[in-house]
């Protein structure tokens, strides 16, 4: 997969490509279904296919105070898109200038004159242009006057629920990481380097790896059964996301993993954490001893949950 930031360069390298167009935060099952349509269309027509996405998220430019916490990092999104094996991805810089384009200007100036796709694949709720004024119906009408086609994917549902990035975020923010995984088609993941913390876990017999998460979106405070990956090792872990109310009062949110059956120095290592199930909510304990007893129960529950998979 080749990555471009300029539509004209993408068009020069892959003329007449079929392009899936959207923001694609999280690259969930609905997005992958869109990619599958683009891929199949490309095979049927013996043409290349690719993905058009935007950076930063449009809300960061239009209403920063209302912008959602993103499910993936920009690089993480590209890595997930790459799994669908497109020929190219165009990461279109979302600027103030782009945001002020009318729907007609976006289609004429960006799509037709620069990108020159033979077909676009979009979701049923796709909008474009200033004020999100352009609809799927408008895009079809405009395509009829230019030399490209539009394929619109119907709402993609799992267990009767339409899949969306908004719903994934809502599930993660409420701690329902298993529900989020059903929409994503994979576990919700946090990645980042292991940094030094307060070291209090070791004092009560449960050393933890403190992760400086790269993602903006964190699960709600609680203890989770997770898989912990570092340097090719895939290990069970009990992960606490929270503010450590037994020891601290500063309210700083931390992500700490106690890796089961592991001993060694993880400082500075980049790790990933796959969230499987929430074990319990975070709460304050009367003493470190009481907390240690609860952690023993958490570890037993973590083993039970992960061994069932």
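Of the strands (runs of 3 or more DSSP E) contained entirely in region 9-102, those carrying at least 3 residues that are surrounded by fewer than 24 Cβ atoms within 10 Å (Cβ to Cβ) fall at 49-55, 88-93.
Only residues that are in a loop (DSSP other than H, G, I, E, B) and crowded, with 16+ Cβ neighbours inside 10 Å were counted in region 265-309, giving 2. For first residues located in region 242-268 and in the same structural domain as residue 221 (by TED's automatic domain parsing) and farther than 24 Å from residue 306 by Cα, partners that are surrounded by 15 or more Cβ atoms within 10 Å (Cβ to Cβ) and modelled with pLDDT of 90 or more and lie 6+ apart or on another chain with Cβ distances below 6 Å form the pairs 267/194. When region 153-177 is limited to residues that are crowded, with 17+ Cβ neighbours inside 10 Å and touching a strand residue (DSSP E or B) at 6+ places or on another chain (Cβ under 6 Å), the one that is nearest to residue 125 (Cα to Cα) turns out to be 153.
The values are calculated or read from the model by the stated rules, or taken from the named source; none is laboratory data. Keep in mind it's a predicted model, so treat the numbers as computed, not measured. Ideal geometry is used to build each Cβ from the backbone, glycine not excepted, and the neighbour counts take in all protein chains shown.
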